[in-house]
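The values are calculated or read from the model by the stated rules, or taken from the named source; none is laboratory data. Everything numeric in this text was worked out from a predicted model, so none of it was measured. Note: ideal-geometry Cβ built from the backbone for every residue, glycine included; neighbour counts use all protein chains shown. Surface areas here come from the heavy atoms of the whole protein model, side chains and all, with no ligands, DNA or RNA. Shrake-Rupley method; radii C 1.70, N 1.55, O 1.52, S 1.80 Å.
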Amino acid sequence: MSSIFTKIIEGEIPCYKIAEDEDFFAFLDINPNAVGHTLCVPKKEVDKLLDLDEETYSGLMNFARKVGIALEAAIPCKRVGMTVIGLEVPHVHVHLIPLQKMANATFQEKVSLSKDEFEEVAARIKSHL
Ligand code: 5GP
């Protein structure tokens with residue numbers, strides 16, 4: 001069965017898309033730690049980061065770097081944090097999180113955004129790509 005992220009990539013489930021190329025896809029996390037929290041995923045469905053082949057691993061990091069630079073320009077923050085967890089969704093994804101404080105990186109505090117707010121944030125990030 002396809003992962004929820006494959007369904008998002010294939011357009012079966014809606015998302016607030018940030019960027020896409022041949023191999024990778026970025027979209028806003030639906031339950032963000034902070035405004036602008038973005039997920040970067042390889043289109044190839046692999047569960048764990050360290051099981052990626054070297055080319056996909058490097059490609060994912062390069063893609064996340066580009067998205068992260070746009071995110072840092074778009075969202076006021078001290079820096080953009082990058083983390084890989086994967087305990088919830090078994091499809092490799094890099095979390096890019098605009099950080100103001102350590103709590104933004106801990107997945108304990110969450111922010112809630114309306115549809116309009118998600119759309120505005122996505123547009124703002126995309127304008128820096
Ligand atoms: P992890 O697998 O790294 O522990 O966390 C998975 C992340 O994916 C969580 O931050 C969660 O909010 C996000 N997530 C789970 N399901 C969806 C979804 O359907 N859409 C979006 N945009 N994000 C999701």
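Quick notes on this one:
- Scanning region 37-55 for residues that are surrounded by fewer than 15 Cβ atoms within 10 Å (Cβ to Cβ) and either within 14 Å of the ligand (Cβ to nearest atom) or under 25 Å from Asn104 (Cα atoms) (or both) yields Glu45, Asp47, Lys48, Leu50.
- Options Gly86, Gly59; residue that is of a type in the set (Gly, Ala, Ser), away from the ligand (no atom under 14 Å from the Cβ) and under 23 Å from Ile4 (Cα atoms): Gly59
- For region 10-22, the set of residues classified as more than 10 Å from the ligand (Cβ to nearest atom) and open to solvent by less than 80 Å² (accessible area, probe 1.4 Å) consists of Gly11, Ile18, Ala19, Asp21, listed by residue number.
- Among residues of region 92-118 being within 11 Å of the ligand (Cβ to nearest atom) and in contact with a Ser or Thr (Cβ under 8 Å, 6 or more places away or on another chain), the one that is farthest from Phe63 (Cα to Cα) is Ile97.
- Flag if Ala34 is part of a loop (DSSP other than H, G, I, E, B), crowded, with 20+ Cβ neighbours inside 10 Å and more than 11 Å from the ligand (Cβ to nearest atom): yes
- Any chance Glu72 is touching a Phe, Trp or Tyr at 6+ places or on another chain (Cβ under 9 Å), of a type in the set (D, E, K, R) and either open to solvent by 30 Å² or more (accessible area, probe 1.4 Å) or in contact (Cβ under 8 Å) with a residue 12 or more places away in the chain (or both): no
- Hits in region 77-129 (condition: surrounded by fewer than 14 Cβ atoms within 10 Å (Cβ to Cβ), touching a strand residue (DSSP E or B) at 6+ places or on another chain (Cβ under 9 Å) and assigned to a loop (DSSP other than H, G, I, E, B)): Lys78, Ile85
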